[in-house]
Amino acid sequence: MRTIEALAACVIVATAAAASAQESAATVSASVAATNMESRTELTFAGTFGYRFTRTLGLEIEATYVPSLKSSFPGVTVQNFSTAAGTALADSIGAIGLVFPGPTYANPSGRVVVLSNDIRIELPTTAPRLTPYFVAGGGVAHVRRRADLTFPVPLPLAGTIALPIRPVVEPVSFAETDLALTLGGGLNVRIVSGVSVDADLRFFRLLGDEDRNVGRFGTSVRYRF
C-alpha cells in the first residue's frame, strides 16, 4: 500500500514539474514598427529577450531603435528679424535701415535608442491561439539630434538694399539620456508550436529637460524555446 502511495506521489510530482516546464520558457522576438515622435512618424526596429515564469507572468529586456529622427530640436525656435538704424545714423548715411536675416536650421537628423525592463502579463482566453497581453516597465532612452545652422551674411549697400554673400553653415548636435517609462499591450497569435506573432502598441514617456510622449505600433515574431 505504501509503495502504491509513493508511486502515485511521484507521478503527481512529475506531472506538476512537466506542466511547470511547459509554462516557463525563454522567449525572443524581433519587430518592425512605426514610431510617432513630435508629429513625425519614423521606421523603428525592436528586439526582446525574456523569460516566462508562469503561464501569465514574464519578464523581458527590450531594445527599441529609431535610426532616423528628423523632428526639430526641442524648445528651439529660430526666427528672422529686422532692425532699423537709429535716427542719427539714418540722417547721416541717408539709409532707412539694415535687414538682418536670422539663422535657420536645415538637414535635421538623429536617432533614438530605448532600453527597458518590462513585465509582461498574458491573459489566457478560451481561444487557444489568441492571447491578449499587457506590458509595463521602465528604463533609459538616448536621444541624439543633428542639424545644420545657417547664418546668412548680407553685405549692406546704399539705402535698404542688401547683397547676400555665401552663408556660413555650422553643424550643431544635441544629445541627452532620459528616464523612459513604458506602457502598452497587444494581441499574441500562435502560428505553430513555439512560434507566434504579436500586434503591439507601446507608449513611451521620456522624462528629460522637456518631457516627450512617444508612440510605437508594429508587429513582431516571437519564439518560445
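Is it true that Ala34 is out of contact with any Asp or Glu (no Cβ under 6 Å at 6 or more places or on another chain) and at pLDDT 80 or above? Lay out the reasoning, then the answer.
Values: out of contact with any Asp or Glu (no Cβ under 6 Å at 6 or more places or on another chain): yes; at pLDDT 80 or above: yes.
When the stated conditions are applied, Ala34 passes them.
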### Query
Applying the selection to the stretch 200-225, what residues are of a type in the set (Gly, Ala, Ser) and either out of contact with any Ser or Thr (no Cβ under 6 Å at 6 or more places or on another chain) or not in a strand (DSSP E or B) (or both)?
Gly208, Gly215
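To keep it simple, each residue is scored yes or no on (1) in a strand (DSSP E or B); (2) over 23 Å from Arg111 (Cβ atoms); (3) not small (Gly, Ala, Ser).
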position: Ser29; (1), (2), (3): yes, no, no
position: Thr35; (1), (2), (3): yes, no, yes
position: Glu42; (1), (2), (3): yes, no, yes
position: Phe45; (1), (2), (3): yes, no, yes
position: Thr54; (1), (2), (3): no, yes, yes
position: Gly58; (1), (2), (3): yes, yes, no
position: Glu62; (1), (2), (3): yes, no, yes
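The values are calculated or read from the model by the stated rules, or taken from the named source; none is laboratory data. Note that the coordinates shown come from a computational prediction; the quantities given were computed from them, not determined experimentally. Glycine also receives a Cβ, built like all others from the backbone with ideal geometry; neighbour counts cover every protein chain displayed.
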